[in-house]
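*Asks:* The following block contains the structure, expressed as structure tokens.
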Ligand SMILES: CC(C)(COP(=O)(O)OP(=O)(O)OC[C@H]1O[C@@H](n2cnc3c(N)ncnc32)[C@H](O)[C@@H]1OP(=O)(O)O)[C@@H](O)C(=O)NCCC(=O)NCCS
């Protein structure tokens with residue numbers, strides 16, 4: 001069993017450590033925006049946040065769960081809590097193999113640069129360059145849980 005709660009300042013280190021451990025974007029990890037999951041003993045086991053950007057968009061970000069707690073619905077609970085709190089539209093970026101993970105939550109991949117806001121256009125262009133230079137087969141996907149995508 002696990003529970004969710006808004007983060008406190010005391011969670012800042014655990015958030016940073018987990019994000020570093022899983023190797024996702026380490027920028028903008030202000031605990032005030034985070035929801036954290038904890039086990040029955042009150043130990044931190046996962047987190048997620050919604051980050052505001054200057055272009056007015058909101059990004060579902062920093063979704064991470066400790067290894068021993070994966071595939072038990074922790075990320076699902078965090079994502080659904082953040083969706084309920086912030087509503088649409090929410091954007092995100094992820095490696096392409098995680099597209100099927102986000103689709104059941106209503107996120108749809110956006111491939112047309114003209115449909116992206118400035119922040120995601122820049123991120124996509126930058127990652128395309130990194131991909132070309134490093135010859136990686138994966139790519140950075142931009143997804144949106146948009147107004148009008150309701151099913
Ligand atoms: C991706 C991650 C957050 C998933 O956390 P989790 O707690 O194991 O996910 P959940 O148990 O809530 O899974 C929710 C659903 O997604 C599925 N799922 C979980 N991981 C998946 C993956 N890597 N690919 C596809 N589907 C996945 C689960 O099977 C589950 O489906 P179900 O409800 O039909 O059974 C976790 O593996 C992680 O921390 N990875 C490293 C950090 C990372 O990559 N974060 C995403 C940044 S964009």
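*Asks:* To the nearest 0.05, how large is the calculated FRET efficiency for residue 10 and residue 70 if R₀ is 30 Å and r is the Cβ-Cβ distance? Each step should come with its number before you reach the end.
*Replies:* Values: r = 24 Å, r/R0 = 0.79.
The computed FRET efficiency comes out at 0.80.
*Asks:* Next up: For helix 74-86, what angle does its Cα long axis make with the longest principal axis of the chain, in degrees from 0 to 90 and rounded to 10?
*Replies:* Between helix and principal axis, roughly 70 degrees.
*Asks:* Over every pair of different alpha-carbon atoms in the chain, take the mean of 1/r and invert it; report that Kirkwood radius in Å.
*Replies:* One decimal place: 16.1 Å for the Kirkwood radius.
*Asks:* So what's the back-of-envelope 222 nm ellipticity for the chain, counting only DSSP H runs of four-plus at -39500 (n - 2.57) apiece and dividing by all residues, rounded to 500?
*Replies:* That calculation yields -9000 deg cm²/dmol at 222 nm.
*Asks:* Averaging over every viewing direction, what projected area does the convex hull of the Cα atoms of the range 1-86 cover, in nm²?
*Replies:* 5.4 nm²
*Asks:* For the range 88-151, just the Cα atoms, rotate onto the principal axes and tell me the three extents in Å, largest first.
*Replies:* 38, 24, 14
*Asks:* Neighbouring Cβ atoms within 10 Å as the yardstick, rank 62, 134 fewest first.
*Replies:* So the ranking, lowest neighbour count to highest, is 134, 62.
*Asks:* How do 31, 145 line up, fewest other C-beta atoms within 10 Å first?
*Replies:* Starting with the residue having the fewest Cβ neighbours, the order is 31, 145.
The numbers here are math on the coordinates, done by the rules we state, and not lab data. Here the structure is a predicted model, which is why all the values come from computation and not from measurement. Note: ideal-geometry Cβ built from the backbone for every residue, glycine included; neighbour counts use all protein chains shown.
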